[in-house]
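The values are calculated or read from the model by the stated rules, or taken from the named source; none is laboratory data. No experiment lies behind these values; they were computed from the predicted model shown. Positions of Cβ are generated from backbone atoms using ideal geometry, with glycine treated the same way; all protein chains shown enter the neighbour counts. In case anyone asks, the SASA skips ligands and DNA or RNA and just uses the protein heavy atoms, side chains included. Shrake-Rupley method; radii C 1.70, N 1.55, O 1.52, S 1.80 Å.
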Amino acid sequence: MYSFMGGGLFCAGVGNILLIVSTATDYWMQYRHSNNYMHQGLWRYCTPGKCFTQMDSVAYWDATRAFMILSLLACFIGIIFGIMAFIHYSSFDRFDKTFAAGVLFFISCFFVFLAMAVYTGVTINYYGKRYGNWRFSWSYIIGWVAVVLTFFSGIFYMCAYRMHECPRSPNPH
């Protein structure tokens, strides 16, 4: 049980760091405009030598930002519950923290998946049809890695919960 919880905490911790990096950085997409390479993130777009805050309230940016922030919060709270379950913190005896951490990691995975799906769909439909020389960049890729890590942290915690709730009987029939 503890090995699953440890693996889940490791995946969740790395996933949360990657979510922070992905959300905060400006390399979700790179494109070429007027013979210059530019890049943009969720909060800023950058030309060679200068970055600007994205002042436009575009719905898909707002949705992606909101889902990424919700994912960060769910993952962070899941890590707190995961640590509390790991050290047997017992302020809530009837509340299973292992199960709650697993559910929060799955919720985090769902939110980051929604954020990545919204951004991917709109970017491909808009930029794919209008510009030929663009690509997704490393912040975007880190977001997809965070989807996988938060999913596996949820799996690990659900396995730990299952092992704790349904221990194997010592006498097989």
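Could we say that V122 is at negative phi, in contact with a helix residue (DSSP H, G or I) (Cβ under 7 Å, 6 or more places away or on another chain) and modelled with pLDDT under 95 here? Yes; evaluated as a whole, the condition is true for this residue.
Within the group F105, F86, F81, which residue is open to solvent by 70 Å² or more (accessible area, probe 1.4 Å), closer than 20 Å to Y2 by Cα and of a type in the set (F, W, Y)? Outline the logic, then answer.
Values: F105 fails: open to solvent by 70 Å² or more (accessible area, probe 1.4 Å); F81 fails: open to solvent by 70 Å² or more (accessible area, probe 1.4 Å).
None of the other options fit; the residue is F86.
Screening the range 108-151 for residues that are assigned to a loop (DSSP other than H, G, I, E, B) and open to solvent by 60 Å² or more (accessible area, probe 1.4 Å) and picking the one that is nearest to G13 (Cα to Cα) gives N133.
Is it the case, given these coordinates, that S3 is in a helix (DSSP H, G or I), farther than 14 Å from L149 by Cα, open to solvent by 70 Å² or more (accessible area, probe 1.4 Å) and out of contact with any Asp or Glu (no Cβ under 6 Å at 6 or more places or on another chain)?
yes
Residues that are touching a Gly at 6+ places or on another chain (Cβ under 8 Å), within 17 Å of S139 (Cβ to Cβ) and not hydroxyl-bearing (S, T, Y) are absent from the range 49-63 altogether.
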